[in-house]
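The values are calculated or read from the model by the stated rules, or taken from the named source; none is laboratory data. Please read these numbers as outputs of a predicted model, since none were measured by experiment. Glycine also receives a Cβ, built like all others from the backbone with ideal geometry; neighbour counts cover every protein chain displayed.
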Amino acid sequence: MDPTEPPVGAFEDAFESESLELVRRIRAGDQEAWNELFDRYHDALLLAVRMRLGEGLRRHLQSEDVFQSVALDAFKALPGFEYRGEGSLQRFLRTLVLNKIRDRADTYGALKRAGDEPLSEAHREGLAAPGSEPGYRDPETYERLERALKSLPEELREVLLLRQVEGLSHRELAARTGRGEDAVRKLYSRALARLTLAMGPRS
């Protein structure tokens, strides 16, 4: 994120240096560091899932156990993480988790379409589970942010998600949206201002 951009707290990692230390510990084989990193990013990853996956895909994430399984499975790619500036670790993890859920949903769909064999327990594991959807551990922050994002016009919401959740640069945003970089910067600044207004003051 550009240093001149106003931060939106729930998108940011206020303790990134500590998170990078957890990555170092994971690479060294420290199993407890996996759980610590998951706990730290739980709500940010869940927000990305809720904002980026439709209801159909979210049905494959119906319990906290499944969400944790997906995240920890995705974290296996952490040894390949390369630090590329502020926020790059969180963006890396978001992408891994979103892709992992899509992969599991695709696998589940392919097995169901095959139809000639019942799904084995191994196939069923981690694809779906009964129960309520996982919730935020800090609902005051993240439920407010989710509601505020959903209240924005689609154009403003999309530019925020592309920039903050998917980590696109302004140049990449311009290419994705067919706009000039200056226009994208202005649109993004307007989106941040509208989001801050929509969130309102903390109670």
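Would you say residue 75 is of a type in the set (Phe, Trp, Tyr), crowded, with 21+ Cβ neighbours inside 10 Å and either assigned by TED's automatic domain parsing to the domain that holds residue 164 or over 22 Å from residue 168 (Cα atoms) (or both)? No: the conditions fail for residue 75. Among what's in segment 129-148 and is within 14 Å of the chain's Cα centre (by Cα) and in a helix (DSSP H, G or I), pick the residue that is surrounded by the most Cβ atoms within 10 Å (Cβ to Cβ). Within segment 129-148, the match that is surrounded by the most Cβ atoms within 10 Å (Cβ to Cβ) is 145. For segment 19-57, taking the residues that are surrounded by fewer than 15 Cβ atoms within 10 Å (Cβ to Cβ) and under 15 Å from residue 68 (Cβ atoms), the one that is modelled with the lowest pLDDT is identified as 31.
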